1. Please determine, by comparing only the residues of segment A:71-100 that are within 26 Å of B:Tyr54 (Cβ to Cβ) and in a loop (DSSP other than H, G, I, E, B), which one is modelled with the highest pLDDT.
2. May I ask you to list the residues in segment A:28-70 that are crowded, with 17+ Cβ neighbours inside 10 Å, among the β-branched types (Val, Ile, Thr) and either more than 10 Å from chain B (Cβ to nearest Cβ) or not in a strand (DSSP E or B) (or both)?
3. Take the residues in segment B:15-47 that are surrounded by fewer than 20 Cβ atoms within 10 Å (Cβ to Cβ) and among the aliphatic types (A, V, I, L, M), then tell me which one is nearest to B:Ser74 (Cα to Cα).
4. Looking only at segment B:56-74, filter to residues that are away from chain A (no Cβ under 14 Å) and under 23 Å from B:Ser111 (Cα atoms); which one of those is surrounded by the most Cβ atoms within 10 Å (Cβ to Cβ)?
5. Name the strands (runs of 3 or more DSSP E) wholly inside segment B:1-62 in which the number of residues that are of a type in the set (Val, Ile, Thr) is 1 or more.
6. Can you run down the residue pairs with Cβ atoms below 6 Å, 6 or more apart or on separate chains, where the first is in segment B:33-50 and more than 7 Å from chain A (Cβ to nearest Cβ) and the partner is buried (at least 21 other Cβ atoms within 10 Å of the Cβ) and part of a loop (DSSP other than H, G, I, E, B)?
7. Quickly run through segment A:1-16 and pick out the residues that are among the polar types (S, T, N, Q) and more than 18 Å from A:Met32 (Cβ to Cβ).
8. So which residues in segment B:75-111 are farther than 16 Å from B:Gln8 by Cβ, within 14 Å of chain A (Cβ to nearest Cβ) and not in a strand (DSSP E or B)?
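The values are calculated or read from the model by the stated rules, or taken from the named source; none is laboratory data. On a predicted model such as this, the values are computed, not experimentally measured, just so you know. Glycine also receives a Cβ, built like all others from the backbone with ideal geometry; neighbour counts cover every protein chain displayed.
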Amino acid sequence: NAGVTQTPKFQVLKTGQSMTLQCAQDMNHEYMSWYRQDPGMGLRLIHYSVGAGITDQGEVPNGYNVSRSTTEDFPLRLLSAAPSQTSVYFCASSYYGLPGNTIYFGEGSWLTVV
Amino acid sequence: AQTVTQSQPEMSVQEAETVTLSCTYDTSESDYYLFWYKQPPSRQMILVIRQEAYKQQNATENRFSVNFQKAAKSFSLKISDSQLGDAAMYFCACNTGANSKLTFGKGITLSVRP
């Protein structure tokens, strides 16, 4: 009963390093997305995908890259990490990108950039 | 674009009593859904309740109910018979359009006094 799985759970990066946050879901959901959560800001949408091969930008896409080669996986890449990207990252998925569909969240990935 | 406003950063309630968390939103869409999410210290995002804009009847889920005032664009959450396990951060969110873009408020931290 995995649902949405994110790895790693915790990561410390140095400024300028690159890394990939992995996200996988086993519910055959078409829609997947990435959010970041900062203190006092709520969750903000970074990128989303409505199906394999299709991605689009959300509210705060700068500094992040995504791709969707399979239905199950939606990795988030930080190409050159900056301290401003210190945050908690959530991956989410739903059956279709319809406003009423239940959105399932992963458990979050804590990223610190020093 | 939609906005969600939670103006109270913190609230406190005595165990077994009732508390209401406020939320206002703004959207130009006619088809939208409103949600309350609970985030305990584990940071997991838990769906508490959802409301479809077309439905006049307020949603209820056990001890949780909403007061949906569409004209006023208000969506408050009432928690009855508060329990210690209700202590968490609560986010109000709005979802519109075909791409399931959740817009979150900044959240409110609820503490429950024994």
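1. We begin by selecting, within segment A:71-100, every residue within 26 Å of B:Tyr54 (Cβ to Cβ); these are A:92-100.
Keeping just the survivors that are in a loop (DSSP other than H, G, I, E, B) gives A:95-100.
Numbers: A:Tyr95: 86, A:Tyr96: 77, A:Gly97: 67, A:Leu98: 75, A:Pro99: 75, A:Gly100: 79.
Once the filter is applied, the top-ranked residue is A:Tyr95.
2. Within segment A:28-70, A:Ile46, A:Thr55, A:Val60, A:Val66 meet the criteria.
3. Top of the filtered list is B:Val19.
4. Taking segment B:56-74 first, the residues away from chain A (no Cβ under 14 Å) are B:56-58, B:60, B:62-74.
Now drop any that are not under 23 Å from B:Ser111 (Cα atoms), which leaves B:60, B:62-67, B:74.
On the way: B:Thr60: 12, B:Asn62: 9, B:Arg63: 13, B:Phe64: 16, B:Ser65: 18, B:Val66: 25, B:Asn67: 15, B:Ser74: 15.
Among those residues, the one meeting the criterion is B:Val66.
5. On the way: elements: B:3-5, B:10-14, B:19-21, B:24-26, B:32-39, B:46-52.
Of the strands (runs of 3 or more DSSP E) lying wholly inside segment B:1-62, those with at least 1 residues that are of a type in the set (Val, Ile, Thr) span B:3-5, B:10-14, B:19-21, B:24-26, B:46-52.
6. Partner pairs satisfying both residue conditions: B:Tyr37/B:Met45; B:Gln39/B:Met45.
7. So in segment A:1-16, the residues among the polar types (S, T, N, Q) come out as A:1, A:5-7, A:11, A:15.
The answer is A:Asn1, A:Gln11, A:Thr15.
8. B:Gly97, B:Ala98, B:Asn99, B:Ser100
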